[in-house]
1. From Asn238, Asn194, Asn208, Asn216, which residue is part of a loop (DSSP other than H, G, I, E, B), farther than 30 Å from Gly291 by Cα and polar (S, T, N, Q)?
2. Name every residue in region 313-343 that is open to solvent by less than 20 Å² (accessible area, probe 1.4 Å), over 20 Å from the mean Cα position of the chain (by Cα) and of a type outside the set (Phe, Trp, Tyr), in order of residue number.
3. Looking only at helices (runs of 4 or more DSSP H) that lie completely in region 368-479, which have at least 3 residues being touching a Pro at 6+ places or on another chain (Cβ under 8 Å) and either open to solvent by less than 80 Å² (accessible area, probe 1.4 Å) or at pLDDT 95 or above (or both)?
4. If the Cβ limit is 7 Å and pairs must be 6+ apart or interchain, which residue in region 205-227 that is within 30 Å of Gly475 (Cβ to Cβ) and modelled with pLDDT of 95 or more pairs with which residue that is within 12 Å of the ligand (Cβ to nearest atom) and in a loop (DSSP other than H, G, I, E, B)?
5. Quick one: Val111 ticks every box in (1) surrounded by fewer than 20 Cβ atoms within 10 Å (Cβ to Cβ); (2) away from the ligand (no atom under 16 Å from the Cβ); (3) closer than 30 Å to Gly224 by Cβ except a single one, so which number is it?
6. Pick from region 35-54 the residues that are part of a loop (DSSP other than H, G, I, E, B) and touching a Phe, Trp or Tyr at 6+ places or on another chain (Cβ under 8 Å): which of them is least open to solvent (accessible area, probe 1.4 Å)?
7. Mind listing whichever residues of region 205-226 are open to solvent by 10 Å² or more (accessible area, probe 1.4 Å) and either more than 13 Å from the ligand (Cβ to nearest atom) or of a type in the set (Gly, Ala, Ser) (or both)?
Amino acid sequence: KDTKNVVIIIFGASGDLAKKKIYPTLWWLFKDKLLPPNTFFIGYSRSSLTVQMVRDNAKPYLRTVDGEQERLDAFFARNSYVQGSYDKREDFAKLEQYIRSSTEYASCNRVYYLAIPPSLFMHVATHLKSECFSPDQQGWSRVIIEKPFGRDLHTSEILSQHLSNLFTEDQVYRIDHYLGKEMVQNVVVLRFANRILAPLWNRDNIANVLVTFKENFGTEGRGGYFDEFGIIRDVMQNHLLQVLSLIAMEKPLSMAADDIRDEKVKVLRSIRPIELKDIVIGQYVANSETGKPGYLDDATVPAGSLAATYGMAALYIKNERWDGVPFIIRAGKALNETKCEVRIQFKDVSGDIFESGVVHRNELVMRVQPNEAVYIKCMTKRPGMGFGAEETELDLSYSKRFSKVKLPDAYERLLLDVLCGSQVNFVRTDELREAWRIFTPILHELDAKAVKPLPYAYGARNGPPEADQFLRNLGFTFSGTF
Ligand code: BG6
């Protein structure tokens, strides 16, 4: 309904995120006519680039098909580029002038996408506020930031404080792209639109919850960024904890952003910080059978690095619904497969009358990627004359049931959310604070004690062998692949 022009300014236009994710996402949205009709794009970075160079960089990721050339030209015709530094106020003044000088951009709504290294966040935010947020502007302005949001509670608080001195909470959009994934969004619907699940969703019926993130590739020459953060900060403290909070939260008052985020914060507040006994960390080593290199063989990784490339942690939620139920989150690079799923393992049937070992626990599995699916593992009679029982699945595979629907990419959905002013899928300051409170003590302890991650071979199923034992100790029962 808002007919103003929209201008999307991409800081870090020459970087990896911009070329692999942001430009492709903007192109898909443009191509599908999902953006407001008068949307324009300005790339900004230190490099001396032209729009043609931005286009060439993004080309391999745009996934264009035959017949789209004209539309693609139309998209890039709406792009422009401004070169500038991140720490000079004058350059932001130049950017502001550029925005105002163009008639299409005058009095527009603005999205500033900070796709830049964390060391530059504060500079950019300060100059942005002083040069580009003038009170005479008529449109709205929103700022998108990408993780990492600090390295621990303290550094994250400094950043949050800085941002909140400059912007209001409703102007800041902290992206956690896992919140934009179809199946993660489905958690709320599955839980709160199905009568059959609600009575089972508690400590009386659920033995444990396992949230898994696996990648079948290592750092492969891009160890610089990763090594500074490690798997706990890169994936567990944000993506996996966000998924956990949706699984565990109480029913929100409504679907409104703050009602949902209030419940997520509440559940995070009930989680005690992780201790050393609650965690297993690993680092991949070369696999002599496949010839795949170890983490430390990567030339971009500092020699002797203690960064974890695998982590599994048990979290406990101290409330009436979940007391005593382990919520296990695990993430690993260089494992046997790439997948993300949530596995809710139900307790054993009481008074089992079948042959011992035949009946397996029920599981509800939500496969986030690849091949989105929800299935329930349940026991059924083996068809035929006998009376054997067998495990089978009640299966909702998206590729079969929703074959005609194109599932949007997480970034597409999240960028549209920003344009619509919906913050439901973005991380609020208090949520972020709680997430760091849970992880900061263990991160500091691992550093202070220089804890050496356990080795696992590139391509292992579940990180170091100790990880399976850790799962068994938590009462997780093994059946099938997980
Ligand atoms: C990013 C992490 O946030 O998520 C990467 O920094 C990881 O290390 C990526 O590879 C995974 O995202 P997706 O959407 O491919 O599962």
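The values are calculated or read from the model by the stated rules, or taken from the named source; none is laboratory data. Note that the coordinates shown come from a computational prediction; the quantities given were computed from them, not determined experimentally. Virtual Cβ from ideal backbone geometry, glycine too; neighbours counted across all protein chains shown. Side chains are part of the model used for accessible areas, which takes the heavy atoms of the whole protein and leaves out ligands, DNA and RNA. Shrake-Rupley method; radii C 1.70, N 1.55, O 1.52, S 1.80 Å.
1. Checking each option against the conditions leaves just Asn194.
2. If the condition is that a residue be open to solvent by less than 20 Å² (accessible area, probe 1.4 Å), over 20 Å from the mean Cα position of the chain (by Cα) and of a type outside the set (Phe, Trp, Tyr), then Ile317, Val325, Pro326 are the ones that fit.
3. The helices (runs of 4 or more DSSP H) meeting that bar are 429-448.
4. The qualifying pairs are Lys214/Thr338; Glu215/Lys333; Glu215/Thr338; Asn216/Thr338.
5. (1)
6. Residue satisfying both the conditions and the ranking: Leu49.
7. Asn205, Ala207, Gly221, Gly224 - these are the residues of region 205-226 that are open to solvent by 10 Å² or more (accessible area, probe 1.4 Å) and either more than 13 Å from the ligand (Cβ to nearest atom) or of a type in the set (Gly, Ala, Ser) (or both).
So that you can scan it fast, the table gives a plain yes or no per residue for (1) open to solvent by less than 60 Å² (accessible area, probe 1.4 Å); (2) assigned to a helix (DSSP H, G or I):
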residue: Lys59; (1), (2): no, yes
residue: Arg63; (1), (2): no, no
residue: Phe75; (1), (2): yes, yes
residue: Glu90; (1), (2): no, yes
residue: Glu104; (1), (2): no, no
residue: Ile116; (1), (2): yes, no
residue: Phe121; (1), (2): yes, yes
residue: Val124; (1), (2): yes, yes
